Number of protein chains: 2
Amino acid sequence: MPDDPTKKAIVQPFEDGEDLCCDVPHSRGADPTNAPQPEKLTVEKAQRMSEFLGFLADANRLRILSMLADQEMCVGDLAVTLGMNESAVSHQLRTLRAIRLVSFRKQGRHVFYRLQDHHVLTFYQAIFEHLDETTA
Amino acid sequence: MPDDPTKKAIVQPFEDGEDLCCDVPHSRGADPTNAPQPEKLTVEKAQRMSEFLGFLADANRLRILSMLADQEMCVGDLAVTLGMNESAVSHQLRTLRAIRLVSFRKQGRHVFYRLQDHHVLTFYQAIFEHLDETTA
DNA sequence: TTAATATATGAATGCCCGTTCATATGTTAA
DNA sequence: TTAACATATGAACGGGCATTCATATATTAA
């Protein structure tokens with residue numbers, strides 16, 4: 001079936017063979033000098049961004065952050081409210097502490113955590129709204 | 001990120017902030033009625049948010065998106081530029097397609113991808129700047 | 001037709017990470 | 001002191017996921 005126009009192929013507005021790149025067969029991996037574009041985001045930066053996003057990309061961590069956005073809370077109450085194991089909460093708080101998203105104060109046997117970086121609420125809200133839009 | 005009053009804040013302030021908690025020993029897991037606070041973010045919403053963030057939380061996907069933010073590109077060129085396996089790029093594009101972050105058009109043997117949801121650039125930029133601040 | 005190119009896809013491997021369990025540390029009360 | 005409570009921590013199990021490899025599909029050229 002050569003040159004068969006009755007293909008299910010998706011048609012695009014250009015019938016004229018004018019292409020945007022790829023005039024020449026690619027020589028991938030061989031010669032980096034013919035790379036069509038320089039990379040816009042460095043690998044290191046991309047890794048730092050993905051790392052940060054990864055820390056946020058956990059339902060339970062988001063729920064913890066949403067609680068702490070209102071007021072400080074102790075580990076046990078977070079566990080009760082969220083229906084999580086206390087150990088799991090503690091582990092997550094350790095993570096959130098490590099990336100400076102929460103801080104804490106000790107009072108007796110309790111440790112009260114609170115949001116340290118309210119900058120996070122910005123993303124939080126943006127994503128929240130985004131999801132409302134795209135799923136409506 | 002404009003302050004849109006029509007949009008409800010993710011986290012509502014608490015009506016009454018008397019005692020923080022913990023005057024009484026916790027009875028965790030036993031009786032949910034003594035939970036000190038209701039949860040602010042539903043589990044479903046938290047899961048959707050984490051899912052979305054998880055899709056963004058990959059260095060190579062971010063690099064792909066950053067390329068497509070400027071112009072449409074075909075799979076092979078993305079692979080060359082980013083120094084990735086073409087199969088890996090294709091797999092990632094499949095993912096990005098599934099969540100409607102990119103769209104594509106076919107032209108001959110090539111498939112050109114482009115950003116579909118420019119909303120993402122908002123997060124992208126916000127996180128980019130955030131990291132610059134917190135690490136500077 | 002056959003060959004080469006471009007992309008897609010399924011299976012398999014290996015890594016990362018969140019949870020649970022057990023245990024340790026620390027704190028308060030009796 | 002001992003006992004109960006609150007949190008932290010290390011190990012280990014299990015699931016999810018990004019990559020690679022092999023292969024399939026599609027398109028173009030010879």
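Some notes on this structure:
- For segment B:96-130, a residue qualifies if it is in contact (Cβ under 8 Å) with a residue 24 or more places away in the chain, of a type in the set (D, E, K, R) and within 16 Å of DNA strand D (Cβ to nearest atom), and exactly one does: B:Arg105.
- Within segment B:51-84, the residues that satisfy the criterion of being within 14 Å of DNA strand C (Cβ to nearest atom) and touching a strand residue (DSSP E or B) at 6+ places or on another chain (Cβ under 7 Å) are B:Met67, B:Leu68, B:Glu72, B:Met73, B:Cys74, B:Val75.
- Only a single item in (1) at pLDDT below 95; (2) touching a Phe, Trp or Tyr at 6+ places or on another chain (Cβ under 9 Å) is not met by B:Asp70, and it is number (2).
- Of all residues in segment A:91-119, those satisfying the criterion of being in a strand (DSSP E or B) and among the β-branched types (Val, Ile, Thr) are A:Val102, A:Val111.
- Filter result (crowded, with 19+ Cβ neighbours inside 10 Å and either facing another protein chain (nearest Cβ under 7 Å) or within 22 Å of B:Arg48 (Cα to Cα) (or both)) within segment A:91-111: A:Gln92, A:Leu93, A:Leu96, A:Leu101
- Scan of segment B:46-90 for residues that are part of a loop (DSSP other than H, G, I, E, B) and either buried (at least 22 other Cβ atoms within 10 Å of the Cβ) or within 11 Å of DNA strand D (Cβ to nearest atom) (or both), ordered by number: B:Ala57, B:Asp58, B:Gly83, B:Met84, B:Asn85
- Within this structure, A:Thr135 fails the test of being at pLDDT 95 or above and among the polar types (S, T, N, Q).
- Residue match in segment B:91-98 (condition: under 15 Å from the mean Cα position of the chain (by Cα) and under 27 Å from A:His118 (Cβ atoms)): no
The values are calculated or read from the model by the stated rules, or taken from the named source; none is laboratory data. Here the structure is a predicted model, which is why all the values come from computation and not from measurement. Here the Cβ is made from the backbone with ideal geometry for all residues, glycine too, and neighbour counts use every protein chain on show.
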